[in-house]
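What follows is a short report on a single structure.
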Amino acid sequence: PIAELLASSDTAKGENAAKKCVACHTFNKGGPNRVGPNLWGVISRAKASEAGFNYSAAMKGKGGEWSYDDLNKFLANPKGFVPGTNMQFAGVNRASERADVINYLNTLADSPKPLPKAAEAPKQ
């Protein structure tokens, strides 16, 4: 579960891992869209809602907001999560790396959202 992965994630590692995304995305507040949309404030943002970006019909039709779980699924396999997306990136295989990136993306907001709590281990 993404909450468990986020509990042990590392923002600095996520920032470093996100460097592979800068060819297509910007991360700063008010930053321009590139081949992909600006990612400032992406956590809890409505999908396909970044102003001025021309989203694929598939992404426009996905609906909902970018939750931690949806971002995890999308980053693992963009074309599997949104068949027909224009995103050409193959995905991030390692779950821990995805969690690091999502943790980093969460910091990119005026008011970052609290990370979900991992389920407590059952008492023996």
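The values are calculated or read from the model by the stated rules, or taken from the named source; none is laboratory data. Here the structure is a predicted model, which means the values were calculated and not measured. Neighbour counts run over all protein chains shown; Cβ positions are idealised from the backbone, glycine included. In case anyone asks, the SASA skips ligands and DNA or RNA and just uses the protein heavy atoms, side chains included. Shrake-Rupley method; radii C 1.70, N 1.55, O 1.52, S 1.80 Å.
Equivalent ellipsoid of region 74-115: semi-axes from √(5λ) of the C-alpha gyration tensor, largest first, are 22, 13, 8 Å. Using amide H atoms built 1.01 Å from N in the peptide plane, name the residues 5+ places from Arg34, or on other chains, whose amide H lies under 5 Å from its own. Under 5 Å from the amide H of Arg34 lie the amide H atoms of Thr26, each far enough along the sequence or on another chain. The length gained on full extension between Ala90 and Ala12, counted as 0.36 nm times the residue separation minus their Cα-Cα distance, comes to 25.8 nm. Across the cross-link table entries Lys73/Lys117; Lys19/Lys79; Lys19/Lys73; Lys60/Lys117; Lys20/Lys117; Lys47/Lys117, which are compared at the Cα atoms, the separations over 25 Å belong to Lys60/Lys117; Lys20/Lys117.
Accessible area per residue for region 57-119, computed on protein heavy atoms with a 1.4 Å probe, is 54 Å². Each label was represented as a point 7 Å from its Cα along the Cα-to-Cβ direction; for Lys19 and Phe53 these points are 2.3 nm apart. On a per residue basis, the convex hull of the C-alpha atoms belonging to region 1-114 measures out at 95 Å³.
Using the Stokes-Einstein relation with a Kirkwood hydrodynamic radius computed over Cα pairs, the translational diffusion coefficient of region 1-55 at 25 °C and a viscosity of 0.890 mPa s comes to 196 µm²/s. When +1 charges are put on Lys and Arg Cβ atoms and -1 charges on Asp and Glu Cβ atoms, the dipole computed for the chain relative to its Cα centre reaches about 280 debye. The calculated FRET efficiency for the pair Thr107 and Asn77, based on their C-beta separation and a Förster distance of 30 Å, comes to about 0.80.
For region 30-46, putting each phi into the Karplus relation 6.51 cos²θ - 1.76 cosθ + 1.60 with θ = phi - 60° gives couplings of x, x, x, 7, 10, 4, x, x, 4, 9, 4, x, 5, 5, 6, 7, 4 Hz, in residue order, rounded to whole numbers and with x for Gly and Pro.
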